[in-house]
Each structure stands twice: as structure tokens, then as C-alpha cells.
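Taking it in order: structure first as C-alpha cells, then the write-up.
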Amino acid sequence: MNLATAAAGQFDAADFFARAGERLAHSPPQVSGDTRLGDHVLNPDFLPTAVPYRDAAVLIPVIARPGGPTVLLTQRTPHLSSHAGQIAFPGGKLEPGDATPAAGALREAEEEIGLDPALVEVLGYLDPYLTGTGYRIVPVVGRVDPGFRLDLNVHEVAEAFEVPLAFLMGPENHRRNSRILLGAPRTFYEVPFEGRYIWGVTAGIIRALYERMYG
């Protein structure tokens, strides 16, 4: 599937950015263990026992391409100790020097893929997403200047690639699957795309973005 043809006639960048201005939170969300989003939505018993949660943030980088907006994703290297080889948004744990989740997400994106923070306009926040591994992730939506250049940290990121926003925001592409995780059956979203397998937290955040913007 061609990126341009996938998005043509379905999603317009101006419309998406207008919706973002109306529907996203413009201040960092209040964080608590009682968030609406997370692995527990499909698995009510799948909450971590560790308290407090470890705070993290990810950047959802949206690029206004001529053929339609795309979203930048990464594939983690296969030797990492956690989530090796998985597809993810740029991001990671927040550090004490991060003034906001957006600042942390931009810092991590620069460290992981060399994305210049000056080329990212922060559009807003989704609600925090709780993971079964004990993280509380704040998704940050950003508009990326199409003239960006990347410099991948090869120790963490094997590849960066773009997926049409129209595809990711199509609810027909949000499948539910299950497998045994941590000794119990768990249900999760998956969004397969051209031989790539997007699943788990990343797919859950994609679903959350769809529900906020178009649901």
C-alpha cells in the first residue's frame, strides 16, 4: 500500500490539527492511579502491584506530508532487555529535569532518533496510559516539520518509519488478540501494517488517539 494513496481522500492534515486543538488537553494531565486508559481497560485484573507507578512519556509525531499526514514510529533493537524488537513511539522514563511530560518526550525523541525538538510543535496530551509493567505513560501529540532529519541511536532503535494517519485512525484496523502474558491470558490491541506488527501499549495508545479524535 502506497502512503499517498492510503491517506488520500480520507484524512486531511488541516482537519486533524484542528481537531487536536479542540480535543487534546493543552496542559499536562493530572496523573493518578485511577486513569481511564491502559492495559486494564481490556484486562481489569492486569494492573501492576508496584506503587507508585513509574512516570514516562511518548511522542506521537504527526507529519503533514503532501499525500496525507503520517505518524513516525520506531522499531526497537533486538538486544534490549525489555520490549526488544517491538514497535514503539519515541519516548521513555521521565527524568527529574523534565519540566513537563512534553519536555521528557521531546528529550527522549532527540536521544533515540535525533529528532530536533525545535522542529516539533506540541499540540496537546492524551490521558495517562497505565501499563501492566508498572508505567504511567503520558502520550504527547506533536506536529513535526516535514524537513526533519533523523540520526538513530543504533543501540536502542533499529529503524524509524512512517505509517499513514488514515490507516492508524481506521477502527477496522484495530484488532483484538490475546496470548498468555505473565502466566495469564491477556487481551490487547494490534494494528498490523505491511508486514509490521504493532501491538500492546503502542496499539493501545493508537486506539486511545482514535477515540479522542474521531470516536
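The values are calculated or read from the model by the stated rules, or taken from the named source; none is laboratory data. All values derive from a computational prediction rather than experimental measurement. Using ideal geometry, Cβ is built from the backbone for each residue, glycine included, and neighbour counts are taken over all protein chains shown.
Inside region 138-160, can you point out the residues that are touching a Phe, Trp or Tyr at 6+ places or on another chain (Cβ under 9 Å) and more than 17 Å from GLY200 (Cα to Cα)?
VAL140, VAL141, ARG143
Within region 188-204, how many residues turn out to be among the hydroxyl-bearing types (Ser, Thr, Tyr) and over 19 Å from GLY134 (Cβ atoms)?
Qualifying residue count, region 188-204: 2.
Can you confirm whether region 123-139 contains a residue that is more than 18 Å from GLU190 (Cα to Cα), free of Cβ contacts under 8 Å to residues at least 60 places away in the same chain, in a loop (DSSP other than H, G, I, E, B) and among the charged types (D, E, K, R)?
No, there is no match, as no residue in region 123-139 is more than 18 Å from GLU190 (Cα to Cα), free of Cβ contacts under 8 Å to residues at least 60 places away in the same chain, in a loop (DSSP other than H, G, I, E, B) and among the charged types (D, E, K, R).
Restricting to region 158-215, what's the tally of residues that are among the polar types (S, T, N, Q) and assigned to a helix (DSSP H, G or I)?
Residues that pass the stated criteria total 2.
Could you tell me which residue of region 178-215 is modelled with the lowest pLDDT, considering only residues that are surrounded by 13 or more Cβ atoms within 10 Å (Cβ to Cβ) and farther than 28 Å from VAL144 by Cα?
Here the residue is LEU181.
So which residues in region 1-50 are farther than 27 Å from ASP98 by Cβ, at pLDDT 75 or above, among the small types (Gly, Ala, Ser) and in contact with a Leu (Cβ under 9 Å, 6 or more places away or on another chain)?
Within region 1-50, ALA13 is the sole residue that qualifies.
Looking at the structure I just gave you, is GLU112 farther than 27 Å from PHE188 by Cβ and either free of Cβ contacts under 8 Å to residues at least 40 places away in the same chain or crowded, with 22+ Cβ neighbours inside 10 Å (or both)?
When the stated conditions are applied, GLU112 does not pass them.
Checking ASP127 against (1) surrounded by 13 or more Cβ atoms within 10 Å (Cβ to Cβ); (2) out of contact with any helix residue (DSSP H, G or I) (no Cβ under 8 Å at 6 or more places or on another chain); (3) among the acidic types (Asp, Glu), which single condition isn't satisfied?
For ASP127, the exception is condition (2).
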